[in-house]
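Notes to accompany the following structure.
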C-alpha cells in the first residue's frame, strides 16, 4: 500500500504577487508584469523581455540575516518562511525535516556581476565566493535560517527541476528518511549571457512583439515565438497523512503518483514519446485512467516546437477532456522554479475551485482542447495532472487528487 | 596620510558589516575577532575587505601574526609605509 502523501503548505513569490493570497488573487485576475528586464546584469546591448519580482516582503527576513545572500537565496527564504508557518514546522523534530531544492546553476547573474567587479583585481575576491558560487549555498542558508537538520540537497533537471524536487521529496518521505520534506523550486537568476544563449538557440522570444511586452508571452497561441523569462520561486511541504495531524493543518491535495523519464537525448528538442511515457507512468502509479483527469497544468513555455509537441502528447494520452490553462502566460518561465510554481498554482486553484485565465491565447494551436481562455472558470478539480519538461530530454508528470 | 587610527576604524567598520551583531560594540585595540564571534571565514572576509579599501595585497602567511585588531592595524600601517 503506497503512502498517502499530502501537501500541507504552499509558498510562492512571483512578479504578480508574493504570498499565496496575493498570488491567487492575481492569478485569477489574469494579471501579468512583462517589460524589459531591468535588474543589473540582465542586459548588455540588448532589450530582453521578461518579468521581475518586486522587493521581497516576507516578514521575518531581517536585513542583517540576509547579508551575502543571493537573490535566489532570499527568494528561497521568503517562500520557506511562508510554508514553515503554514505547516507549523516548529512542531516537528528538526532531524525529521528535509529540504530538496530544484535547480542547478541558479545564481548566474550574481556570479557575473561579482566576476566583473573583480576582473582587474581577483586577489580581492571575497573568500565566501568559495561557498556561495555553489547552488548548495541555498541549502546552507535555508537550513541555518530555519534549523533544518534532515537531508538537504539540490537536484538539477533544467526546466523540470521544480517537479523533480517534488519527486525526490516524495521519495524521501516514502523511504522514511524524514517525516516532512520541503520541495522548493529555486529562483533561476539569469544573466545576460543565458538570455543571449536562449535567444541564440531560438528558445526565448520575442522578435514579433519586441515593442509590446504585454503581448509577447503567449504559450499555445499561433503567434508564439518563444518563452519570456519570469523570476519566481515556490515551495510545498509534503508529508504522510497522519492519524493525528498537527492541529491547524489543512492539506491541499494528495500526491498520487508521478513519472520521471529521459529521452536519451542531449539536445533541447522535445519528444512526444518521452512526454507520453512520463504521463503514462504518472497515471499508472496513481491508478488513474486518463479520462479521469479533469485539470491539466501543462509545461507550455511558448516555444514553437515545444508547445505543439506537448499538445500531441496530451491528445494521444487520452487527456482531451481535461480543462487546461497556461500559468506561464501570466508569470513567464521560471525555468528551475517553473514546475514548483505551477504545482503551487494548481493546488491553489484546487482550493478555491476556480481556474485562472490564459493570457494572449487568442488562436490556440489546437481549438479542440478544453482551454480556459480570457476569463477564469469555476471548476472543482478532482484530479489534476502537472507537466514539466527540460532540456536534455527530461520529462516529468505528477498527479494530484482533491481531498474533498 | 592614513594613520593607524584610520586603519583601526576601517577594520571596525568592515567587522560590523560582516558580523552584524557587533553593530553597537565599542571596539578597543585588544579586541580579538575570534572572541567577538567572527568565524575563520568572517575573519578572512574582513581582512580582504580592509586590503581592498587600502589597495594593499599582503601574502596570507604574513597575516597569521597579529593577535588582536590593534596588531592587525599596525601590520597594515607598516605595509602602507613600506610601500
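Taken together, the values in this text are just the output of simple stated rules run on the coordinates, not laboratory data. Computed from a predicted structure; not experimentally measured. Here Cβ is always computed from backbone atoms with ideal geometry, including for glycine, and neighbour counts include all displayed protein chains.
Tabulated data for the structure shown
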{"read-out": "Spin-label pair residue A:265/residue A:200, simplified geometry with 7 Å Cα→Cβ offset, distance in nm", "value": "2.2"}
{"read-out": "Dimensions in Å of chain B - Rg and Dmax from alpha carbons", "value": "11.7, 35"}
{"read-out": "Whole-Å distance, taken between Cα centres, linking the stretch A:221-281 and the stretch A:296-346", "value": "10"}
{"read-out": "Among A:35-41, A:357-363, A:8-14, the order from most to least packed when residues are scored by Cβ within 10 Å on average", "value": "A:8-14, A:357-363, A:35-41"}
{"read-out": "Antiparallel content of DSSP bridges confined to the protein assembly as shown, in %, to 5", "value": "65"}
{"read-out": "Diffusion constant of the stretch B:9-52 at 10 °C, which comes from Stokes-Einstein with the Kirkwood Cα-pair radius and 1.306 mPa s, µm²/s", "value": "154"}
{"read-out": "Computed E for residue B:25/residue A:149 - FRET, C-beta separation, R0 35 angstrom, nearest 0.05", "value": "0.70"}
{"read-out": "For residues of A:120-131, the mean tally of beta carbons on other chains within 10 Å", "value": "4"}
{"read-out": "Between the stretch A:130-174 and the stretch A:185-216, the Cα center-to-center distance that results, in Å", "value": "26"}
{"read-out": "Among A:302, A:150, A:257: highest mean-square fluctuation, GNM of chain A, C-alpha pairs under 10 Å", "value": "A:150"}
{"read-out": "Chain B - percent relative contact order, Cα under 8 Å, separation 6 or more", "value": "43"}
{"read-out": "Residue-averaged [θ]222 nm for chain B, counting only DSSP H segments that reach four residues, each worth -39500 (n - 2.57)", "value": "-17500 deg cm²/dmol"}
{"read-out": "Value of [θ]222 nm, deg cm²/dmol, for chain A, DSSP H segments ≥ 4, -39500 (n - 2.57) each, nearest 500", "value": "-9000 deg cm²/dmol"}
{"read-out": "Cα centroid separation, the stretch A:9-23 to the stretch A:65-110 (Å)", "value": "15"}
{"read-out": "Extension gain (nm, one decimal) between residue A:374 and residue A:44, 0.36 nm per residue minus Cα-Cα", "value": "115.3 nm"}
{"read-out": "Peptide B:15-28 - average C-beta neighbours from other chains (10 Å radius)", "value": "1"}
{"read-out": "Kirkwood Rh and Cα Rg combined as Rg over Rh, evaluated for chain A", "value": "0.95"}
{"read-out": "Antiparallel %, DSSP beta bridges [both residues in the stretch A:251-404], to 5", "value": "75"}
{"read-out": "Of A:350, A:204, A:131, the one that fluctuates the most in a GNM where chain A has Cα springs shorter than 10 Å", "value": "A:131"}
{"read-out": "Cα-Cα separations in the stretch A:295-338 greater than 14 Å, expressed as whole percent", "value": "51"}
{"read-out": "Modelled FRET efficiency - R0 30 Å, residue B:78 with residue A:129, Cβ distances, 0.05 increments", "value": "0.60"}
{"read-out": "Among A:356, A:333, A:145, residue whose mean-square fluctuation peaks in a GNM of chain A (springs only between Cα atoms under 10 Å)", "value": "A:145"}
{"read-out": "Normalised contact order of the stretch A:273-383, rounded percent, pairs of Cα under 8 Å and 6 or more residues apart", "value": "29"}
{"read-out": "Computed over chain A: relative contact order in percent, which uses C-alpha pairs under 8 Å that are six or more apart", "value": "24"}
